[in-house]
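What follows is a short report on a single structure.
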Amino acid sequence: MPMSANPRPLLVITGPTGIGKTDLAMALETELPLRVISADSVMVYQHLDIGSAKPTAEELAECPHDLIDLVPPEHHFDAGQFVAHAESSIQSAWDHGQVPCLVGGTIMYLKSLLDGLDALPAADTVIREQIRSKAGSEGWPAMHAWLKDLDPEAAALIHPNHSSRIERALEVRLITGESICSFWSGDQADTSIGGHAVDLSVLALVPSDRDQLKDRLNQRFDSMLARGFEAEVSALRQRPELTLECPSMRSVGYRQMWHYLDGDLSELEMKEQAKAATRQLAKRQLTWLRSWRTDTNTFIEVSNSIPVEKGKAWLSGVLDRVL
């Protein structure tokens with residue numbers, strides 16, 4: 001498809017979990033013509049509200065978000081599906097004179113949309129069965145440790161509980177001898193969506209103090225518990241087709257609460273493991289952000305409050321350039 005001559009604006013607000021991405025986007029949307037498009041792999045699921053830190057119904061009424069509550073929690077939703085939905089939302093925003101703004105920290109979603117979905121080697125049923133058999137006897141954390149030995153770059157981006165991603169990364173490594181990361185596009189100069197060249201601007205929120213972010217994440221999980229997170233997961237467990245192996249239930253917090261409700265973890269263990277998993281996620285996101293699209297990134301440090309004025313200044317500069 002031939003590419004249009006005039007680039008169209010596309011914004012991204014990203015950063016580690018709990019940094020305030022959604023709050024900033026909603027603050028900016030009240031004054032400027034933004035179409036907020038979620039890039040969060042947990043918010044995409046219906047009924048995963050408290051544990052995903054999804055905006056409330058009242059907030060969504062004031063600031064609608066695309067790509068929230070797209071599928072039931074039993075559904076498998078991958079990066080390819082995200083790309084299709086996101087491209088449709090972005091095109092719709094352009095058609096209505098809005099500036100599309102992706103908001104979220106799901107690495108694979110943003111990378112797949114903006115860097116491209118690359119052709120990975122076909123699945124090898126023999127190798128895949130070997131991986132699953134080994135996982136059955138040793139557990140997926142051991143498979144993550146194996147991946148870390150074989151492909152440390154991929155292991156740094158994949159959570160130890162994400163069995164499907166661990167499996168695929170191991171499979172690619174064992175088939176090709178190469179890291180799955182080597183199949184991701186490295187050329188970032190020709191981003192296009194729907195045949196339109198894209199003028200991309202990325203705002204990355206980062207903590208001014210990592211210990212402060214750690215405290216914020218711990219407090220956020222305690223707040224989720226106080227607001228009924230246990231009851232949310234208990235209700236989800238009543239859905240006949242929903243199991244711990246569904247991608248939605250492998251999300252940080254949900255998995256640990258499921259194990260607690262199964263009696264496999266004490267309340268204290270559940271809290272500690274969920275908080276530790278959240279901190280690990282934030283660390284991976286920060287590591288990735290420091291090297292991804294450095295030519296288009298603007299970094300804003302966040303301390304005790306959402307940097308609304310700095311966000312407005314960034315957005316004003318972007319819109320003055322592209323509109």
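The values are calculated or read from the model by the stated rules, or taken from the named source; none is laboratory data. On a predicted model such as this, the values are computed, not experimentally measured, just so you know. Quick reminder, even Gly has a Cβ in these numbers, built from the backbone with ideal geometry, and neighbours come from all protein chains shown. All accessible areas refer to the heavy atoms of the entire protein, side chains included, with ligands and DNA or RNA removed. Shrake-Rupley method; radii C 1.70, N 1.55, O 1.52, S 1.80 Å.
Size of the dipole of the chain about the Cα centre, Lys and Arg at +1 and Asp and Glu at -1 on the beta carbon, nothing else charged, in debye to 20? Walk me through the numbers on the way to the answer.
Values: 31 positive and 45 negative charges, 101 e Å.
In total the dipole reaches around 480 debye.
Find, among the GluC sites (Glu not before Pro) in the range 142-242, those assigned to loop by DSSP (not H, G, I, E, B) with at most 11 other beta-carbon atoms within 10 angstrom. Present the calculation step by step, with values, prior to reporting the outcome.
Numbers: sites: E153, E167, E171, E178, E230, E232, E241; in loops: E178, E241.
For GluC sites (Glu not before Pro) across the range 142-242 that sit outside H, G, I, E and B with at most 11 neighbouring Cβ atoms in 10 Å, the list reads E241.
Is the shape of the range 115-240 rounded, prolate or oblate, going by the alpha carbon gyration tensor and its root eigenvalues a ≥ b ≥ c, with a/c under 1.5 for rounded and a/b larger than b/c for prolate? It would help to have the intermediate numbers written out before the result.
Numbers: a/c = 1.79, a/b = 1.12, b/c = 1.60.
Note, shape of the range 115-240 comes out oblate.
Can you give the helix-only mean residue ellipticity at 222 nm for the chain, where every DSSP H stretch with n ≥ 4 adds -39500 (n - 2.57) and the sum goes over all residues, rounded to the nearest 500 deg cm²/dmol? Walk me through the intermediate numbers first.
Values: 13 runs with 157 residues, N = 323.
My calculation for the chain gives -15000 deg cm²/dmol from helical runs alone.
When the chain is treated as a GNM, springs tying every alpha-carbon pair under 10 Å, which of L213, L174, L28 comes out with the largest mean-square fluctuation?
Evaluated over the chain, the most mobile residue of the options is L174.
Ignoring ligands, DNA and RNA, how do V198, V126 rank by accessible area with a 1.4 Å probe, largest first? Display every interim value, and only then the final one.
Numbers: V198 25, V126 90 Å².
Sorted by accessible area, descending: V126, V198.
Straight-line reach from K214: which aspartates and glutamates fall under 17 Å, measuring Cα to Cα and dropping same-chain residues less than 8 apart?
D222, E272, E301
Which one of G51, G195, G253 has the biggest mean-square fluctuation once the chain is modelled by GNM with Cα springs under 10 Å?
In this elastic network of the chain, the residue with the biggest mean-square fluctuation among G51, G195, G253 is G195.
Hey, any idea what % of the chain's accessible area is carbon plus sulfur with a 1.4 Å probe?
Summing carbon and sulfur atoms, their accessible area is 49 percent of the total for the chain.
Once a ≥ b ≥ c are taken as the square roots of the eigenvalues of the Cα gyration tensor of the chain, is the result rounded (a/c under 1.5), prolate (a/b larger than b/c) or oblate (a/b not larger than b/c)? Show your work: numbers first, answer last.
Numbers: a/c = 1.69, a/b = 1.22, b/c = 1.38.
Verdict is oblate for the chain.
Quick one: longest stretch of the chain between exposed loop trypsin sites (Lys or Arg not before Pro), exposed meaning at most 16 other C-beta atoms within 10 Å and loop per DSSP? If you can, show how the numbers build up before the last one.
Values: sites that count: R227, R237, R290.
Longest run free of exposed loop sites: 1-226.
Any chance you could get the radius of gyration and Dmax over the Cα atoms of the range 261-301, in Å?
16.1, 48
Pick out which of S92, S133, S164 has the largest mean-square fluctuation in a Gaussian network model of the chain, springs linking Cα atoms closer than 10 Å.
The residue that fluctuates most here is S133.
Provide, as a two-decimal number, the C-alpha radius of gyration of the range 1-58 over 2.2 N^0.38 Å, N being how many residues it has.
Numbers: Rg = 14.5 Å, N = 58, 2.2 N^0.38 = 10.3 Å.
The value comes to 1.41.
For the chain, what is the accessible area per residue in Å², given a 1.4 Å probe and the full set of protein chains? Can you show the working numbers first?
Working: 14760 Å² over 323 residues.
On a per-residue basis, the chain sits at 46 Å².
Does the range 190-295 come out rounded, prolate or oblate, given a ≥ b ≥ c as the square roots of the eigenvalues of its C-alpha gyration tensor, rounded meaning a/c under 1.5 and, failing that, prolate meaning a/b above b/c?
Oblate is the answer for the range 190-295, as a/c is 1.5 or above yet b/c matches or exceeds a/b.
Please name which of C246, Q81, L200 has its Cα lying farthest along the dipole of the chain towards the positive end, using unit charges on Cβ (Lys, Arg +1; Asp, Glu -1) and the Cα centre as origin.
L200
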